[in-house]
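Here's the structure, in structure tokens; my notes come after.
The values are calculated or read from the model by the stated rules, or taken from the named source; none is laboratory data. Nothing here was measured: the structure is a model prediction, and the numbers come from that model. Every residue, glycine among them, receives a Cβ derived from its backbone with ideal geometry; neighbour counts consider all protein chains shown. To get the accessible areas, we keep the full protein, side chains included, count just its heavy atoms, and leave off ligands, DNA and RNA. Shrake-Rupley method; radii C 1.70, N 1.55, O 1.52, S 1.80 Å.
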Number of protein chains: 4
Amino acid sequence: MRILVTGFEPFSTHSVNPSQKIVEALSTEKFLGVDLRTLVLPVDHVRAPGIITETIRKDQPDAILAFGLASSRFKIGLEQVAINLMDFRIPDNSGKQISDQPIIEDGPAAYFTTLAVRSLLTLLQEKGIPAEISLTAGSYLCNLVFYTMMHEISSQTKPTQAGFIHLPALPEEAAKSDKTLPSLSLELDLNAARIMINHLAQNFRRN
Amino acid sequence: MRILVTGFEPFSTHSVNPSQKIVEALSTEKFLGVDLRTLVLPVDHVRAPGIITETIRKDQPDAILAFGLASSRFKIGLEQVAINLMDFRIPDNSGKQISDQPIIEDGPAAYFTTLAVRSLLTLLQEKGIPAEISLTAGSYLCNLVFYTMMHEISSQTKPTQAGFIHLPALPEEAAKSDKTLPSLSLELDLNAARIMINHLAQNFRRN
Amino acid sequence: MRILVTGFEPFSTHSVNPSQKIVEALSTEKFLGVDLRTLVLPVDHVRAPGIITETIRKDQPDAILAFGLASSRFKIGLEQVAINLMDFRIPDNSGKQISDQPIIEDGPAAYFTTLAVRSLLTLLQEKGIPAEISLTAGSYLCNLVFYTMMHEISSQTKPTQAGFIHLPALPEEAAKSDKTLPSLSLELDLNAARIMINHLAQNFRRN
Amino acid sequence: MRILVTGFEPFSTHSVNPSQKIVEALSTEKFLGVDLRTLVLPVDHVRAPGIITETIRKDQPDAILAFGLASSRFKIGLEQVAINLMDFRIPDNSGKQISDQPIIEDGPAAYFTTLAVRSLLTLLQEKGIPAEISLTAGSYLCNLVFYTMMHEISSQTKPTQAGFIHLPALPEEAAKSDKTLPSLSLELDLNAARIMINHLAQNFRRN
């Protein structure tokens, strides 16, 4: 089973991005029966969708777990839906701040995740990892990559289990912040990723 | 240098108490130049102050780090002040819920911590641990033990560095909660405790 | 110009629903050039979509402002998108709690609002009313009515400006709550509704 | 019965201060049996304590209700305790930012309010006003004025019912804020003040 795991580079005031950290850590690990591909995406509204689309076409993954940072979240968020909207509160790393534009002109308003998010949620919670189903992936780069990848796999004949997972801020970021910023340790993020990869692989072998 | 580290047993809906966990973990560790004494207190408004007072009189610690759980906190809280008030929102483990009563009749309204909380804060933040000075230790068991111990050492001739530290909920508790409960890993709690113990020991040797 | 304004009856632990209150208040007011129709919907996942669909077909409104309660919100939320999902955390008033079901089998994943939500946001903020664009209307009755009405108007030839607006809890509810529940006064809710109705009417006359 | 009601001028990024607004509004109102004195204090750590002390000595009020702004609070906070600490997160309006200093050298660590805060809380909640007992008035100007006035009346023979009440941000401030800032209407603040003044006056007449 080929699984593509993606993260993002740091952006804005965030000097580290937990999604990059877990992708880098996972790239050195072995999972039974899994051909794991990893990718760190630029926070660039032109390059990121280009790279994810190209990678999907080239690698033809059976599953995609795309990770990103959602500072201010309390729990790991299994995203339910990607919407056809770019509406950035801050510029991306290319310096552009898009307001109220569709991602794909004439694309559908939204795509639902094709991951079994409720089964994954139960698994994570049983392992003591704070997680939740999230009904919005925002309107920034995370949602852009999520929508783009769901759009790409919707045009393929092969079914792909794909979804987006938002990670809270790291404790080291909360340590520097004046505000009441919630945080989650990289160890828990990484554990959550491993649990999801192994679950996908087990189900794949079973079918 | 003799350091007393205390925690509390679980209470109310909290099936584990991080302060108990770190006290148990620390009890098996060695710290250079430190005679470490540990104590897990009952969440009982009669027994807890009795035990802490007796232990201080018997062990004559040079420093006291008392830990407790403050579910809903985002960061580790170095408490500034203990107040002469019991005003419980929930019953203690003996089933009693005290409302608006002084801890010590005719005691002073408050005692300030004698820990160097601002130096400790800087140290913790430098290590990437989310921490803050807190201006209230509540009006439940934590504040009761904090006030009781500060009252006891105020009547002694020997100076004692003593204070109270509140720990957020553990991730495993947040995992079970419907609410947006912030959490912090036991590893970070434990690291914070080790940093504080070592800092106290270093300053003690220097003087 | 015919404008339909809807609210909901109380549900769950909420003894009053601000959306019902403002609909009742607006039903006795006059707006220049506006034929205002008001409707209080039941919190019933079968009856509510039936009633809203029937009312749209019968009344043929030029605009729809649907209001609902989102306890725990800090600001008035102009909803961006309705999704094809029912996933109730609590039962509706008929006692049914639907999990992870589409609203309309084979319906599109989502519909965007056809209200000019960014212009309305600016207007409300200029008047000192706390408001925001919201990217999720949840997966309960509010989203159900929102999706249903957008689905209905999408099949009509006539363009209809329609959207959903979430109101925070009322202060009287926050007064009873133990939690740190944010709230907003009915006067501000009502003012927000008036501003939006007048804005729709002015733009309608201009075109 | 002579009642002194105080508020503060605006400070920092807050262009209006609800405590000033309610003091100005109350100054034009009549309360049965009440000689109401009002005072708007500067946010200046030297002038504010001087003015409040002088006013108490001159006017000899029977009760003092001191109001201030606590942006980020969800409810009106009836403060339990004033502590002998100045530890400013931001400079005051004179440009000084005091860190970790006592208000009164050799003053007691704290004073409890002499208002019957629990009776007042019940009254406010019954009227549907979000209110709570707060265990910390901070370590900025509000706490400074609160401590100073409690210190002054502690040295007088005449008993004075005195306390501090924190008001949340106004909706107009929340409207301008990017953040999830809770707010409360001036009408509710003003109502709360009226309820407290009338309650003090009724109890005074009864005794």
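Brief remarks on what is shown
- Every listed requirement among (1) touching a helix residue (DSSP H, G or I) at 6+ places or on another chain (Cβ under 8 Å); (2) without any contact (Cβ under 8 Å) to a residue 24 or more places away in the chain; (3) within 15 Å of D:LEU85 (Cβ to Cβ); (4) not hydroxyl-bearing (Ser, Thr, Tyr) is met by D:LEU144 save one, (2).
- Within region C:102-112, being at the interface with chain A (Cβ under 10 Å from one of its Cβ atoms) and not small (Gly, Ala, Ser) holds for C:PRO102, C:PRO108, C:TYR111, C:PHE112.
- Listed by first and then second residue, the pairs linking a residue in region B:19-37 that is farther than 20 Å from B:ILE52 by Cα to a residue that is polar (S, T, N, Q) and in a helix (DSSP H, G or I), with Cβ atoms under 8 Å apart and 6 or more places separating them unless they lie on different chains, are B:PHE31/B:ASN198; B:LEU32/B:ASN198.
- Residue match in region B:187-203 (condition: closer than 27 Å to D:ALA109 by Cα, more than 14 Å from chain D (Cβ to nearest Cβ) and more than 17 Å from the chain's Cα centre (by Cα)): yes
- Within this structure, B:THR122 fails the test of being in contact with a Leu (Cβ under 7 Å, 6 or more places away or on another chain), modelled with pLDDT of 95 or more and surrounded by fewer than 23 Cβ atoms within 10 Å (Cβ to Cβ).
- Unmet criterion (only one of (1) touching a His at 6+ places or on another chain (Cβ under 7 Å); (2) over 14 Å from B:LYS75 (Cβ atoms)) for B:ILE103: (1)
- Count of region C:2-18 residues which are open to solvent by 40 Å² or more (accessible area, probe 1.4 Å) and not acidic (Asp, Glu): 5
- The lone exception for A:CYS142 - which of (1) assigned to a helix (DSSP H, G or I); (2) open to solvent by 50 Å² or more (accessible area, probe 1.4 Å) it fails: (2)
- Total residues in region A:49-99, condition within 14 Å of chain B (Cβ to nearest Cβ), under 28 Å from C:THR113 (Cβ atoms) and of a type outside the set (Phe, Trp, Tyr): 7
- Scope region D:148-195; condition under 30 Å from A:LEU181 (Cβ atoms), touching a residue at least 60 places away in the same chain (Cβ under 8 Å) and in a helix (DSSP H, G or I); matching residues: D:GLU172, D:GLU173, D:LEU188, D:ASP189
- Filter pass, A:ILE129 being within 13 Å of chain C (Cβ to nearest Cβ), part of a loop (DSSP other than H, G, I, E, B) and crowded, with 21+ Cβ neighbours inside 10 Å: no
- Highlighted here are the strands (runs of 3 or more DSSP E) found entirely within region D:19-116 that include at least 2 residues which are surrounded by fewer than 19 Cβ atoms within 10 Å (Cβ to Cβ), touching a Lys or Arg at 6+ places or on another chain (Cβ under 9 Å) and at pLDDT 95 or above: D:35-41.
- In this structure, C:LEU123 does not satisfy being under 20 Å from C:GLY7 (Cα atoms), more than 9 Å from chain A (Cβ to nearest Cβ) and in contact (Cβ under 8 Å) with a residue 40 or more places away in the chain.
- Among residues of region A:140-183, those that are within 14 Å of chain B (Cβ to nearest Cβ), of a type in the set (S, T, N, Q) and out of contact with any Pro (no Cβ under 7 Å at 6 or more places or on another chain), counted: 2
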